[in-house]
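Just dropping this structure here.
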Amino acid sequence: MTIKDNKGAGARKQKKSIKPTAAEFEKLGKNPSPQAVMKLFSRSYRILNDVELQNADYPPMLFAQFDDGAATPDELPGAAGEFGRCADNPIPVNGPTGQVTYLSRLLTDDTGSRMAFHRLGSTSSSVLDAMVDIFELVSVDGTRYDRLYLDMYHLGQSQKAPQGYHLMDQLNGITGTSIGLSRDFPLHIEQDAFEYGCSVFGAPVVSAVLKDMDFVAARKLVEAQQKR
């Protein structure tokens, strides 16, 4: 496993944020060198694969709420139902950023396709005293549709994948957002992920696979599922 998961953080001191700021990019001037730009971008890519750096950008009070000293389980104790596909067995992750990095790591078992996604809303769960978030997903190759439930109240991130998927080791870019609905999903997901990346990671760390997405097939699949 390449991603640093922070599964047993305990009372470990919170890392300092390394997210590039708009001011840092502005200081590069109108014609910055590629090396200077990549130096800033590299910090954003480091955040993609390190949950402690992801947690560093949470407000201290929110971080304190997460830090209960317990290791993050791959599956919640007392969970019921299929992992990831019901509110009573949500996927444990580290906050909204963890939702995005976890879902961006999913690969379908049959075709190896990445999944584009956006957040539909939230619902209650019988296994925790908090709401769980619901995400709508469609594969980049336009062949698979899914809905997954995530529990974001953890310092670490589950290393278990729902049935039909496996997790890529090294994340090279995000494929969705956790902010909210993407209009006519997935037709605008590349732009929405671009904006999310700039806001959360300090740079547009969007996976290039979204440029080659079969948007026609994916949109038809989403529309068909939404009519059920």
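Residues checked against (1) at pLDDT below 95; (2) buried (at least 22 other Cβ atoms within 10 Å of the Cβ); (3) out of contact with any helix residue (DSSP H, G or I) (no Cβ under 8 Å at 6 or more places or on another chain):
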residue	(1), (2), (3)
164	no, no, yes
173	no, no, no
178	no, yes, no
186	no, yes, no
189	no, yes, no
201	no, yes, no
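Given (1) at pLDDT 95 or above; (2) over 23 Å from residue 50 (Cα atoms), where does residue 208 come up short, assuming only one miss?
Among (1) at pLDDT 95 or above; (2) over 23 Å from residue 50 (Cα atoms), the lone unmet condition for residue 208 is (2).
Can you spot a residue in the range 64-78 that is at pLDDT 95 or above, in a loop (DSSP other than H, G, I, E, B) and in contact with a strand residue (DSSP E or B) (Cβ under 7 Å, 6 or more places away or on another chain)?
No - not one qualifying residue is present in the range 64-78.
Moving on. Filter the range 173-228 for residues that are in contact (Cβ under 8 Å) with a residue 40 or more places away in the chain and among the polar types (S, T, N, Q) and give the result.
Hits for the range 173-228 are 175, 177, 178, 182, 207, 225.
Going through 125, 182, 158 one at a time, which residue ends up being of a type in the set (Gly, Ala, Ser), assigned to a loop (DSSP other than H, G, I, E, B), touching an Asp or Glu at 6+ places or on another chain (Cβ under 7 Å) and surrounded by fewer than 21 Cβ atoms within 10 Å (Cβ to Cβ)?
The conditions single out 125.
If I ask for residues that are surrounded by fewer than 15 Cβ atoms within 10 Å (Cβ to Cβ), β-branched (Val, Ile, Thr) and either at positive phi or at pLDDT 90 or above (or both), which ones from the range 1-42 would you list?
21, 37
Please verify whether residue 82 is modelled with pLDDT of 90 or more and either open to solvent by 50 Å² or more (accessible area, probe 1.4 Å) or over 28 Å from residue 189 (Cα atoms) (or both), treating the condition exactly as stated.
For residue 82, the condition - modelled with pLDDT of 90 or more and either open to solvent by 50 Å² or more (accessible area, probe 1.4 Å) or over 28 Å from residue 189 (Cα atoms) (or both) - is met.
With respect to residue 82, is the statement that it is within 24 Å of residue 218 (Cβ to Cβ), out of contact with any Ser or Thr (no Cβ under 8 Å at 6 or more places or on another chain) and not hydrophobic (A, V, I, L, M, F, W, C) true?
yes
Tell me, please, whether a residue that is open to solvent by less than 10 Å² (accessible area, probe 1.4 Å), part of a strand (DSSP E or B) and modelled with pLDDT of 95 or more can be found in the range 107-115.
yes
The values are calculated or read from the model by the stated rules, or taken from the named source; none is laboratory data. Given the structure is predicted, the values throughout are model-derived calculations rather than measurements. All Cβ positions, glycine included, derive from the backbone under ideal geometry; neighbour counts span all protein chains shown. Only protein heavy atoms, including side chains, enter the accessible area calculation; ligands, DNA and RNA are left aside. Shrake-Rupley method; radii C 1.70, N 1.55, O 1.52, S 1.80 Å.
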